[in-house]
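Below you'll find the structure, written out as structure tokens, and then a few comments.
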Amino acid sequence: MATMLPTEKAGARSLADVLPNSARALAAEPNDLDLPPVRSAVVVVVDGLGRSQLAARAGHARFLAARPREAITSVFPTTTAAALTTLTTGAMPGQHGLVGYRTLDASNDRLVNQLTGWDDAMIPEVWQRETTVFEKAATGGIRSFAVGPSKFRTSGFTRAVLRGAEYRGANTITERFAEASRILASGEPSLVYLYIPELDKASHSYGWESPQWLSGLEAVDAELQAFLKVVPPRVGVLVTADHGSVDVPHRAHVLFDQAPELIDGVRHVGGEPRCLHLYLEPGATDADRLALATLWEQSEGERAWVAPRQEAIAAGLFGDVHPDVLPRIGDVLVAARKRIVYYDSRPVDQAARNMIGQHGSLTADERIVPLVRLGAFEL
Ligand SMILES: [Zn+2]
């Protein structure tokens, strides 16, 4: 391929390391993050807070930005469903099975939204193939809690990725930290996952370069600082994110369906605007995949990374891929490299085109996230 796929850096820490090593610190075991033994651990996930965004707005997150932070790698695609599942299982998307925002359910010849599309034909406990860190911790006598918005308490995605944790609903950032404090006050060894979706939501609506996103960041920083003042001794706290994001102006929308050769033989277009999964008609061969990838590459040049499925897998982008997961990955993957997004102008509902903040691709702005150690984890 003319545009080389960025491949994994050997030895680089990733999102997959965060929760399993926190659980090891709870068991007073040596671990790959060199976390000291603790009684309880809290892992705070600020959805969409990439390393670049935090660095660019460090003056608005003085508490967080003053702490030593390292850069870790999220997964591909850099989308919430894939990344949070890697966080809570420690497994790569090719193993856990959530490989994009909307992916193919081949048995039913349909695309399914991996956050919201759960039903009797896509059962969370089956489709997400891995044991969670929370389920494993329970066998060692550690209780796990997931603190997030109440509306997600019974969702299919919660069943897929947070099973083994007791869900505690709290609808504001302030209430979520208060809930975490209540859990920690019991003194019982606990693993707490605290999820903050507000920044990602503001980013999609207004962009991360907006005042709305900035006030969200200031709120997160203030709440973290207040929480750390009251956190009991021997409680370690980590702050990380599932992915970063980029703001894309409306004029940079690429309507790919207007070039007929790019959708010829394509039965479903899945993924999301910065990372398309193109699914060919059933029975496609590697040669068919390569042929379509070549057409896209000729069309897109340097502004996208294009790869047939076999090449993306060989580059290690999904980790080892389980045979059950293979059909969920697009026959051809198109990941935006420049500040553009891909839309299909054919569907009647074009509401998705209102989004400003976007993610899903392989740029450092999307893929590199911070890991900040606080409390008993701050050395
Ligand atoms: Zn996200």
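Treat the count of other C-beta atoms within 10 Å as a stand-in for reagent exposure and order T89, T158, T116, T294 from fewest to most. Don't skip to the end; give the middle numbers.
On the way: T89 27, T158 18, T116 11, T294 15.
The order, fewest Cβ neighbours first, is T116, T294, T158, T89.
Test of understanding: express the Cα radius of gyration of the chain as a ratio to 2.2 N^0.38 Å, with N the residue count. Please list the in-between numbers first.
Details: Rg = 20.4 Å, N = 379, 2.2 N^0.38 = 21.0 Å.
Ratio of Rg to 2.2 N^0.38 Å for the chain: 0.97.
With just the Cα atoms of the stretch 61-141, tell me how far they stretch along each of the three principal axes, in Å, largest first.
50, 32, 19
Would you calculate the separation in nanometres between label points at K338 and D34, each defined as 7 Å from the Cα along the Cα-to-beta-carbon direction?
Each label point is offset 7 Å from its Cα along the Cβ direction, giving 4.3 nm.
With a point put 7 Å past each Cα toward its Cβ, work out how far E70 is from R110 in nm, to one decimal.
Label at E70, label at R110, 4.3 nm between them.
What list do you get for M92, M355 if you sort them by fewest beta carbons within 10 Å? Don't jump to the answer; show the numbers that get you there.
On the way: M92 25, M355 19.
Final ranking by Cβ density, sparse to dense: M355, M92.
Among bridges DSSP assigns within the chain, what percent are antiparallel (round to 5)? It would help to have the intermediate numbers written out before the result.
On the way: 31 of 56 bridges.
Rounded to the nearest five, the antiparallel share is 55 percent.
Can you tell me the length gained on complete extension of the stretch L295 to E378, counting 0.36 nm per residue apart and subtracting the Cα distance?
On the way: separation 83, 0.36 × 83 = 29.88 nm, distance 5.04 nm.
Roughly 24.8 nm would be gained on extension.
Going by amide H atoms built from the backbone, whose H comes under 5 Å of the H on V147, apart from near neighbours?
R168, Y193, L194, Y195
Please give the contour-minus-distance gain from E218 to F63: 0.36 nm per residue of separation, less the Cα-Cα distance, rounded to one decimal in nm. Before the final figure, lay out the partial values.
On the way: separation 155, 0.36 × 155 = 55.80 nm, distance 0.96 nm.
Going from the current span to full extension adds 54.8 nm.
Using only the alpha carbons, work out the radius of gyration and Dmax of the stretch 78-225 in angstrom.
Both quantities, over Cα of the stretch 78-225: 16.4, 50 Å.
Run the helix sum for the chain: -39,500 (n - 2.57) per DSSP H stretch of 4+ residues, divided by residue count, reported at 222 nm to the nearest 500 deg cm²/dmol.
Values: 14 runs with 118 residues, N = 379.
My calculation for the chain gives -8500 deg cm²/dmol from helical runs alone.
Hey, got a sec? Which trypsin sites (Lys or Arg not before Pro) in the stretch 1-91 land in a DSSP loop and have at most 10 other Cβ atoms within 10 Å?
Numbers: sites: K9, R13, R24, R39, R51, R57, R62, R69; in loops: K9, R13, R39, R57.
When the trypsin sites (Lys or Arg not before Pro) of the stretch 1-91 are filtered for loop state and at most 10 Cβ neighbours within 10 Å, K9 remain.
Among L199, S215, L228, whose Cα sits farthest toward the positive end of the charge dipole of the stretch 141-297 (+1 at Cβ of Lys/Arg, -1 at Cβ of Asp/Glu, about the Cα centre)?
Positive-most Cα among the choices belongs to L228.
Mind jotting down the distance between the C-alpha centroids of the stretch 18-38 and the stretch 180-239, whole Å?
Taking the Cα centre of each part, the stretch 180-239 and the stretch 18-38 sit 21 Å apart.
What length, rounded to one decimal in nm, is gained on full extension from N354 through to T174, with 0.36 nm per residue of separation minus their alpha-carbon distance?
The N354-T174 span can extend by a further 61.9 nm.
Which order results if L333, L214, L379 are arranged by neighbouring Cβ count within 10 Å, fewest first? Can you show the working numbers first?
Values: L333 32, L214 18, L379 8.
If I rank by nearby Cβ atoms, fewest first, I get L379, L214, L333.
Throughout, read-outs are computed from the coordinates displayed, never taken from laboratory work. These numbers were taken from a predicted model, which means no experiment stands behind them. Every residue, glycine as well, gets a Cβ built from its backbone with ideal geometry; the counts of neighbours run over all protein chains shown.
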